[in-house]
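Have a look at the structure below before the remarks.
The values are calculated or read from the model by the stated rules, or taken from the named source; none is laboratory data. Predicted model, so just to flag it, every value in this text is computed and none were measured. Using ideal geometry, Cβ is built from the backbone for each residue, glycine included, and neighbour counts are taken over all protein chains shown.
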Amino acid sequence: MKNINILSIRFPQLESPGNPEKTLQLLYRAKTLANENKHLFDEKEIDINIFHNSDIQYSGIQLGGYRGMMEWVAIGQKEVKALNLWYRIYKKQQGDRIQNTIVVKEKYTALFLNYQKKYKINKMLVNDDLAKELNLATDKFARHDRLEKYLYGNFQRFFKHIGFVHDKSENFLKIIIVETNRHQHAKQIYHKQKKTAFDVVFTCNFLLPQTLRLGQSTALGYGSVYHL
């Protein structure tokens with residue numbers, strides 16, 4: 001079993017970003033603040049591109065909301081290290097303007113289960129090619145099969161991010177789509193591009209963290225996973 005560090009920082013005084021443009025602005029500001037203090041990140045051997053970089057396979061630092069308040073989440077050792085340092089710099093810069101924060105430190109254990117656990121993903125974004133495939137799918141079973149493959153790929157990227165390795169002959173990841181709901185309107189991401197979004201209920205035989213996001217543009221808060 002592998003233990004993964006997860007850090008959540010919530011700001012009750014600050015509202016959840018609410019829209020992708022504001023979220024993107026906040027991500028850029030976070031990266032700018034890190035760049036202005038690059039010497040401190042260099043001392044800790046942290047690459048400031050960890051905050052926002054289109055080349056990252058899985059965004060380990062994500063900005064979203066929790067019960068209406070702004071929330072930063074970092075998944076993984078180097079990501080937690082980076083967010084912790086940024087938070088210290090941010091608090092010093094803001095002074096008395098930030099009087100209340102909620103810091104949650106988690107130890108997540110990545111492991112397979114001997115049963116199918118149920119989850120729901122809100123606003124999971126898919127790429128354009130998959131959206132076209134799903135539009136052309138002739139029945140529900142074909143759509144579910146394709147989404148299961150898409151989720152499987154997302155799991156593999158998450159496994160790679162956290163350094164989770166398993167013997168596929170002993171533990172086979174099984175994902176079953178239970179229900180899907182396609183959002184009527186596409187969701188905005190970077191540079192005013194838009195992506196198709198689904199709410200997805202599924203089961204799988206793997207324990208996921210409470211703070212996980214899956215799909216595209218997770219750094220913008222899309223694809224929150226909930227345990228059912």
**Prompt:** Where in region 167-228 are the strands (runs of 3 or more DSSP E), entirely inside, with at least 1 residues that are without any contact (Cβ under 8 Å) to a residue 12 or more places away in the chain and out of contact with any Ser or Thr (no Cβ under 8 Å at 6 or more places or on another chain)?
**Reply:** 194-206
**Asked** So, in region 171-216, of the ones that are of a type in the set (D, E, K, R) and modelled with pLDDT under 90, which residue ends up surrounded by the fewest Cβ atoms within 10 Å (Cβ to Cβ)?
**Response** Lys192
**Request:** Say whether the condition of being under 24 Å from Ala186 (Cβ atoms), touching a strand residue (DSSP E or B) at 6+ places or on another chain (Cβ under 7 Å) and in the same structural domain as Ile189 (by TED's automatic domain parsing) is met by at least one residue in region 64-79.
**Result:** no
**Asked** Which one of these does Gly64 not meet: (1) more than 16 Å from Ser217 (Cα to Cα); (2) not in a helix (DSSP H, G or I)?
**Response** (1)
**Hits in region 122-142 - residues which are of a type in the set (D, E, K, R), within 18 Å of Gly223 (Cβ to Cβ) and part of a helix (DSSP H, G or I)** = Asp128, Asp129
**Item:** Considering residues of region 129-154 that are in contact with a strand residue (DSSP E or B) (Cβ under 7 Å, 6 or more places away or on another chain) and either of a type in the set (Ser, Thr, Tyr) or under 30 Å from Glu79 (Cβ atoms) (or both) only, the residue surrounded by the fewest Cβ atoms within 10 Å (Cβ to Cβ)
**Value:** Tyr152
**Prompt:** Out of all the residues in region 76-98, is one or more in a loop (DSSP other than H, G, I, E, B) and closer than 26 Å to Leu208 by Cβ?
**Reply:** yes
